[in-house]
1. Give the range 11-37 a look and list any residue that's assigned to a loop (DSSP other than H, G, I, E, B), closer than 25 Å to Gly209 by Cβ and either at pLDDT below 95 or within 16 Å of the ligand (Cβ to nearest atom) (or both), or say none.
2. Going through the range 38-67 one residue at a time, which ones are more than 23 Å from His197 (Cα to Cα) and either among the aliphatic types (A, V, I, L, M) or in a loop (DSSP other than H, G, I, E, B) (or both)?
3. Could you list all residues from the range 98-137 that are within 14 Å of the ligand (Cβ to nearest atom), surrounded by fewer than 14 Cβ atoms within 10 Å (Cβ to Cβ) and under 14 Å from Thr66 (Cβ atoms)?
4. For the range 82-128, which positions are on the phi > 0 side of the Ramachandran plot and among the small types (Gly, Ala, Ser)?
5. What number of residues within the range 193-204 satisfy the criterion of being in contact with an Asp or Glu (Cβ under 8 Å, 6 or more places away or on another chain) and either aliphatic (A, V, I, L, M) or surrounded by fewer than 17 Cβ atoms within 10 Å (Cβ to Cβ) (or both)?
6. Which residues, counting only those in the range 72-85, are among the hydrophobic types (A, V, I, L, M, F, W, C) and within 11 Å of the ligand (Cβ to nearest atom)?
7. Go through the range 42-60 and count every residue that is open to solvent by less than 40 Å² (accessible area, probe 1.4 Å) and out of contact with any Ser or Thr (no Cβ under 9 Å at 6 or more places or on another chain).
8. Give the range 205-241 a look and list any residue that's among the hydrophobic types (A, V, I, L, M, F, W, C), farther than 28 Å from Leu193 by Cα and open to solvent by 10 Å² or more (accessible area, probe 1.4 Å), or say none.
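The values are calculated or read from the model by the stated rules, or taken from the named source; none is laboratory data. Keep in mind that what you see is a predicted model, and the values were worked out from it rather than measured. Virtual Cβ from ideal backbone geometry, glycine too; neighbours counted across all protein chains shown. Only protein heavy atoms, including side chains, enter the accessible area calculation; ligands, DNA and RNA are left aside. Shrake-Rupley method; radii C 1.70, N 1.55, O 1.52, S 1.80 Å.
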Amino acid sequence: MLEKLFRKKTRVSSGSLIERIANVKCRDIPAHVAIIMDGNGRWAKQRSLPRIAGHHEGMKTVRKITRIANELGIKVLTLYAFSTENWKRPKLEIDFLMKLPGEFLTTYLPELIEQNVKVEMIGNFDELPNHTKNSILKAMEETKGNNGLTLNFAMNYGSRLELVEAVKEIATLIADQSIKSDDINESLIESHLMTAHLTDPDLLIRTSGEVRLSNFMLWQLAYSEFSFTDVLWPDFDEKCMLNAIEEFQLRNRRFGSIEGEGKA
Ligand code: FPP
């Protein structure tokens, strides 16, 4: 199915893209890829369009990258769609960003289901508008039995807030004497993060030339490989995704160990 799509829609020769996919799949595929989708505003500005037009185009990139991630056998794709800091943006832009999950899921849910994709979310759910909550809940419910790619939206997510919440939960367990302070270790902390059910990202991609984490998965990215690209998110395509995965496959991951003794 992807092959047909690539033949129709890609600017590079379809053969080379298909060959690259096949080659990439023969090597170590990152199980969890996290992406900071940046550059929508600049993409719109370059075309004298309102910022929201960039976000809308960015939504189409989400579809494209979800499809190729699934095709490559990536297990989890976490996308930073709205940070706890993004509430500082103009109301019109916030309202638009809050409507995007609804539009995306209304348009693409049937195709996500057909592709065996499971939709999940991390972030502060309660503060989202009801229409956003309802779209996400519906998609989660309708895809909960799927076991292909997990498409994990980080929505109203902030890593520091996540850590604060985890510390509060652990403090409560100590206060009610369910655990002792000596019981605190890395796996206990991990079990109180919003990503407790997921493995840590193997690869982080950030688009648009910015080289920072912006409060994204600070704990979980401790040993991830980073890939930064100048490409703006609406222009990020299958070819860019393959570039990042190929770059990852050339890295020597040592996890603090010495040559040849790392976990991967
Ligand atoms: C950062 O670019 C991007 C965001 C804050 C929003 C990201 C959202 C999407 C890509 C769409 C998400 C789609 C779904 C389905 C939830 P920016 O606006 O900061 O860009 P700039 O740095 O160029 O101004």
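1. If the condition is that a residue be assigned to a loop (DSSP other than H, G, I, E, B), closer than 25 Å to Gly209 by Cβ and either at pLDDT below 95 or within 16 Å of the ligand (Cβ to nearest atom) (or both), then Arg11, Val12, Met37 are the ones that fit.
2. Asp38, Gly39, Ala44, Arg47, Ser48, Leu49, Pro50, Ile52, Ala53, Met59
3. Those that are within 14 Å of the ligand (Cβ to nearest atom), surrounded by fewer than 14 Cβ atoms within 10 Å (Cβ to Cβ) and under 14 Å from Thr66 (Cβ atoms): Thr107, Glu111.
4. If the condition is that a residue be on the phi > 0 side of the Ramachandran plot and among the small types (Gly, Ala, Ser), then Gly123 is the only one that fits.
5. Number satisfying all stated conditions: 5.
6. Of everything in the range 72-85, those that are among the hydrophobic types (A, V, I, L, M, F, W, C) and within 11 Å of the ligand (Cβ to nearest atom) turn out to be Leu79, Ala81, Phe82.
7. 5
8. Val231, Leu232, Cys240
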